[in-house]
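The values are calculated or read from the model by the stated rules, or taken from the named source; none is laboratory data. Small disclaimer: the values here were computed from a predicted structure and weren't measured. Here Cβ is always computed from backbone atoms with ideal geometry, including for glycine, and neighbour counts include all displayed protein chains.
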Amino acid sequence: MNPDILFTPFTSPKLTLKNRVAMAPMTRQFSPDGVPDDAVLQYYKLRAENDVGLIITEGTTVNHKAASNEVRIPGFHGKALDSWHKIVETVHAAGGKIAPQLWHQGGMRRPGEGAYPEFPSATPSGLVGPGKKVYDALSNAEVDELIAAFTQAAKDSKDLGFDTLELHGAHGYLIDNFFWEGTNQRDDQYGGSLVKRTRFATDIVQSIRAEIGDDYPIILRFSQWKQQDFTARLAPSLEELEQFVKPLSDAGVDIFHCSTRRFWEPEFEGSDLNLAGWVKKITGKPTISVGSVGLTEEFIATYRGGEAEVASIDDLITRMEADEFDMIAVGRALIANPDWVTKVRAGKFDELVTYNQEMLSQLI
């Protein structure tokens, strides 16, 4: 099947890209003391040189003491900003575009981890999963501090020349802790109904908009599944998905990055549309799909030591030609093959390399 649809320009009111392929954000932990070094710069440069349309960085943490569980995860504040500026300039010089993924780990950061091990982890209700209370609930003042931290990171993103930014609202981390009823049992404006549980994220987006204006694009990544529960679903029905995404769209999210473990799986019975397809249909806004692109195994299986062999992308092409979603994020296949885009465009599928877990031990 002809992959040309992947290499048509992506155009939206605030963002134009040369093709429809994004590099998915993937935590790599190669930034000493939270500062990306030259090896990290070269890692992103190589993908930009090989025509990835949009590089979404690994999760980079906002300026809050409980944001990170590991000192080698890059930060997005302080002395790390100079390094990110060099990365932006390098990616642009290579013809690419780039977005930081702004991240706070929330309840997934365990006590005693990170650069500030004595600092308590942050989660809306003190819960790390349904019925698992470990921490104190965040006060309203602490919520305001967290919103301010995301807002400052967004301002820095624009000031450093990033082309867009992504808020990490998926996978059981802080923003997702507010989204998910299993970790949000608050009885104030940030808890309760599904719509009220979007309030933390919408306040972040509105605060960012007030700081940087309306022209800078904001991507929000979200997922139904959680690390605490792969079967969890924020929105079990189409009606609930509509209730969930509408306030986020109205607040100013421009692009939704809909994280699934397998992009080809239908989201609801009675339709082949995946999560990104439904969100695009509901909001009318561009969506990014993701999940085991070009591979035979989803990521959890490979974390357990298995390999993910090269797989056909025919179904991806069919869905994109049908305009189900606008972009596709490629993760592990781009770790194994920095030149995945150029090889796919040239039809050199037989030259693609199998992914295995050992590839995570080095930064290439």
Notebook entry, point to check: Which ones in region 224-282 are touching a residue at least 60 places away in the same chain (Cβ under 8 Å), among the acidic types (Asp, Glu) and touching a Gly at 6+ places or on another chain (Cβ under 9 Å)?
Noted result: ASP229
Check: For PRO217, all conditions in the list (1) modelled with pLDDT of 95 or more; (2) under 20 Å from ASN184 (Cβ atoms) hold save one; what is the number of the exception?
Finding: (2)
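Please enumerate the residues belonging to region 14-39 that are outside any loop (DSSP other than H, G, I, E, B), surrounded by 19 or more Cβ atoms within 10 Å (Cβ to Cβ) and out of contact with any helix residue (DSSP H, G or I) (no Cβ under 7 Å at 6 or more places or on another chain). Before the answer, list the steps.
Residues of region 14-39 outside any loop (DSSP other than H, G, I, E, B): 16-17, 21-23, 32-34, 38-39.
Add one more test, that the residue is surrounded by 19 or more Cβ atoms within 10 Å (Cβ to Cβ), and what stays is 17, 21-23, 34.
The answer is LEU17, ALA22.
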Notebook entry, point to check: Of all residues in region 111-128, how many are buried (at least 16 other Cβ atoms within 10 Å of the Cβ) and either part of a loop (DSSP other than H, G, I, E, B) or out of contact with any helix residue (DSSP H, G or I) (no Cβ under 8 Å at 6 or more places or on another chain) (or both)?
Noted result: 11
Item checked: Candidates GLY126, GLY169, GLY112 - the one that is closer than 27 Å to ASP229 by Cα and at pLDDT below 95 -> GLY112
Next item on the list: Test each condition in (1) within 28 Å of GLU239 (Cα to Cα); (2) among the aromatic types (Phe, Trp, Tyr); (3) assigned to a helix (DSSP H, G or I) for PHE150 and report the one that comes out false.
Entry: (1)
Notebook entry, point to check: Which ones in region 123-140 are touching a Phe, Trp or Tyr at 6+ places or on another chain (Cβ under 6 Å) and of a type in the set (A, V, I, L, M)?
Noted result: none
Check: Restricting attention to region 201-234, which residues are closer than 19 Å to HIS104 by Cβ, within 17 Å of the chain's Cα centre (by Cα) and not in a strand (DSSP E or B)?
Finding: ALA201, THR202, ILE204, VAL205, GLN227, LEU234
Next item on the list: Look at GLY182 and say whether it is within 24 Å of ASN274 (Cα to Cα) and part of a loop (DSSP other than H, G, I, E, B).
Entry: yes
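Give the number of residues within region 319-343 that are out of contact with any Gly (no Cβ under 6 Å at 6 or more places or on another chain) and either more than 23 Å from ILE219 (Cβ to Cβ) or charged (D, E, K, R) (or both).
Start the filter on region 319-343 by keeping residues that are out of contact with any Gly (no Cβ under 6 Å at 6 or more places or on another chain), which leaves 319-323, 326-332, 334-343.
Applying the additional criterion that residues be either more than 23 Å from ILE219 (Cβ to Cβ) or charged (D, E, K, R) (or both) yields 319, 321, 323, 326, 332, 336-337, 339, 342-343.
Residues flagged as out of contact with any Gly (no Cβ under 6 Å at 6 or more places or on another chain) and either more than 23 Å from ILE219 (Cβ to Cβ) or charged (D, E, K, R) (or both) within region 319-343 amount to 10.
Please indicate, with yes or no, whether at least one residue in region 94-101 is more than 21 Å from the chain's Cα centre (by Cα), surrounded by fewer than 24 Cβ atoms within 10 Å (Cβ to Cβ) and not in a helix (DSSP H, G or I).
Within region 94-101, the first condition is being more than 21 Å from the chain's Cα centre (by Cα), and the residues that meet it are 94-95.
Now narrow it down to the ones that are surrounded by fewer than 24 Cβ atoms within 10 Å (Cβ to Cβ): 94-95.
Narrowing the set further to residues that are not in a helix (DSSP H, G or I) leaves 94-95.
So far as region 94-101 goes, yes, one or more of its residues are more than 21 Å from the chain's Cα centre (by Cα), surrounded by fewer than 24 Cβ atoms within 10 Å (Cβ to Cβ) and not in a helix (DSSP H, G or I).
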Notebook entry, point to check: Is it true that SER83 is hydroxyl-bearing (Ser, Thr, Tyr) and either closer than 30 Å to LYS18 by Cβ or assigned to a helix (DSSP H, G or I) (or both)?
Noted result: yes
